[in-house]
Amino acid sequence: MKIIITENEEKFDREGAVLFTRQALKKPDTTFALATGDTTRNIFALAAVMHNELKVDYSLCKTCNLDEYAGVAADDKRSCRYRINEVLLDKINIKKENTYVPDGLCSPPEKELEIFKKKIESFGGIDYLIMGIGSNGHIGFNEPGTPLDSSFRVAELSLETRKDKIKVFGSFDQTPKFGITMGIRDIMASREILLAAKGKSKAEVIRRIVHGDLSIDVPASAVRLHPSLTILADKEAASLL
Ligand code: F6R
């Protein structure tokens, strides 16, 4: 495990963008897995700037998102699809047919799971997965209590996560109750993982990943077993290490 600690948020975003860009330069046909959220937003925004300034080529890359909110349409501003397009995919020269986000409107949502799995297989598996983390240790939408060998699934969002996502949906009542997500096993199958965490609210969970026991109470603790894991944390998220 490699841990990179940055002095402040600005350096955190820049370091994340550099790691992302470096991967695209190292392997021009990289398949990325992407998480949306406050943690990754500026990393992707800066990677898009680097693409522009340095002419980094994404024409052979593929992307899939880790998750999508069930019941939320792709053209809804609050969906993972809308947000990843807005911040990254619309701004780089990636082919849209080479990007995938589960369809939040699929009914029943379980129907989407086989499509999700097959899509990642057709992309040749995930080379580089970049994700944030919930303050309760969730990764993707795998909440505490999720078995570490879980695969593609429709997962119930915890109350804590729904409260946290008021920042996206405006009110608790509007926050979705379910998400379509890669399981922990699918995340672990990625060839490389970048786990990004910023802010005080992530400090305890980062401490538990690095120093605590492997436990289904902290789904993210599984990544400690990954042979190619980098944790990128700002000073606050790293403050309990
Ligand atoms: C979203 C996702 C979630 C977020 C997590 C942290 O696609 O996979 O696991 O990474 O909820 O969200 P932020 O970055 O907003 O704190």
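Only the coordinates and a few stated rules stand behind these numbers; no lab work does. Predicted model, so just to flag it, every value in this text is computed and none were measured. Here the Cβ is made from the backbone with ideal geometry for all residues, glycine too, and neighbour counts use every protein chain on show.
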Self-check item: Sum of -39500 (n - 2.57) over DSSP H runs of 4+, divided by residues of the chain (222 nm, nearest 500)
Solution: -9000 deg cm²/dmol
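Over the Cα atoms of segment 1-96, compute the convex hull volume and normalise it per residue, giving Å³.
Once divided by residue count, the hull of segment 1-96 is 107 Å³.
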Exercise. Using every pair of alpha-carbon atoms in segment 2-234, split the distances into 10 Å bins beginning at 0 and state the percent of pairs per bin, rounded to integers.
Key: 8, 35, 40, 16, 1
Quiz item: How high is the relative contact order of the chain, given as a whole-number percent (alpha carbon pairs under 8 Å, six or more residues apart)?
Solution: 24
Quiz prompt | √(5λ) per eigenvalue of the Cα gyration tensor, segment 128-230, largest first, Å | solution = 22, 16, 12
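Can you tell me which of 133-146, 204-217 comes out highest on packing, and rank the rest after it, using the mean Cβ neighbours within 10 Å? Could the numbers behind the result be given before it?
Values: 133-146: 23.3, 204-217: 16.9.
Packing order, densest peptide first, comes out as 133-146, 204-217.
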Quiz prompt | Ellipsoid equivalent to segment 176-222 - semi-axes via the Cα gyration tensor, in Å | solution = 19, 15, 12
Practice problem: Calculate, axis by axis, the spread of Cα positions in segment 66-105 along the three principal axes, and write the results as whole Å, longest axis first. | Solution: 29, 17, 15
Self-check item: Kirkwood hydrodynamic radius of segment 54-188, Cα pairs, Å
Solution: 15.4
Quiz item: Which value, in debye to the nearest 20, describes the size of the charge dipole of segment 2-234 about its Cα centre when Lys and Arg Cβ atoms bear +1, Asp and Glu Cβ atoms bear -1, and nothing else is charged?
Solution: 300
Quiz prompt | Partners for Lys26 among lysines (Cα-Cα distance below 29 Å; same-chain residues under 8 apart left out) | solution = Lys2, Lys11, Lys55, Lys62, Lys91, Lys95, Lys96, Lys117, Lys118, Lys119, Lys198, Lys235
